[in-house]
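Working notes, structure below.
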Amino acid sequence: MAIFLSNEDVQEILTMDLCIEAVEKAYNELGLGRAWNNPRLHTYGLNKRGATHFLKIFAGTVPELGYSALRIGSTLESEKIAYGSRREIGDRHLGWLLVFSVENGDLAAIIEDRYLQKMRVGAMTGIGAKYLARQDAESVGILGSGTQAGPQLMALCAVRGI
């Protein structure tokens, strides 16, 4: 029986250290030719109100970790021009990660992906810094303060004395 994890559940149990460890293992396996991912599939179009709907599909397998995953994201974005500049008037994202066992093919988990996605992207930054940043780095500069900024900083702090 598959387990269901909401964004809140993921936030409760997923640490940046754990995320960095898993993402680094997956990329190592990919580099060794023992993991696979397909090109992303992005489909988009306008709805009747003029908003753009994006459907994004990602898939990959890391046998060493025991799982394959299919990520599906549905995003609705709309904007208007006011006083000569663009303004967001709506943004909705719904994403799910379906996790399957490579041992028996069973659906192991259905995971809401908003928090997980931010942590995964942050972990990639942390892995890059782990291998590329000076060992004695004590400070960091981040341009922007969007939803990705927090996990980026968390990951950098996890791999350096920041």
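Numbers below:
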quantity	calculated
Within region 5-102, strands (runs of 3 or more DSSP E) holding 1 or more residues that are under 22 Å from THR125 (Cα atoms) and modelled with pLDDT of 95 or more	52-62, 67-82, 85-101
Matching residues in region 103-154 - criterion: being of a type outside the set (S, T, N, Q) and in contact with a Leu (Cβ under 7 Å, 6 or more places away or on another chain)	LEU107, ALA109, ILE110, ILE111, GLU112, ASP113, LEU116, MET119, GLY126, ALA129, VAL140, ILE142
Members of region 124-162 that are of a type in the set (D, E, K, R), without any contact (Cβ under 8 Å) to a residue 24 or more places away in the chain and touching a helix residue (DSSP H, G or I) at 6+ places or on another chain (Cβ under 6 Å)	none
Enumeration of residues in region 99-139 that are within 21 Å of the chain's Cα centre (by Cα) and either among the charged types (D, E, K, R) or on the phi > 0 side of the Ramachandran plot (or both)	GLU112, ASP113, ARG114, LYS118, ARG120, LYS130
Residue, surrounded by the most Cβ atoms within 10 Å (Cβ to Cβ), within region 115-133, restricted to residues that are among the hydrophobic types (A, V, I, L, M, F, W, C) and assigned to a helix (DSSP H, G or I)	ALA123
Scope region 140-154; condition under 14 Å from the mean Cα position of the chain (by Cα) and farther than 30 Å from ALA2 by Cβ; matching residues	ALA149, GLN152
Identity of the residue in region 9-28, under 14 Å from MET154 (Cα atoms), of a type outside the set (Val, Ile, Thr) and touching a Gly at 6+ places or on another chain (Cβ under 8 Å), that ends up surrounded by the most Cβ atoms within 10 Å (Cβ to Cβ)	CYS19
Residue check, GLU112 surrounded by 14 or more Cβ atoms within 10 Å (Cβ to Cβ) and either closer than 30 Å to PHE4 by Cβ or of a type outside the set (Ser, Thr, Tyr) (or both)	yes
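The values are calculated or read from the model by the stated rules, or taken from the named source; none is laboratory data. The structure displayed is predicted, hence computed values, not measured ones. As a convention, Cβ positions derive from the backbone with ideal geometry for all residues, glycine included, and neighbour counts pool all protein chains shown.
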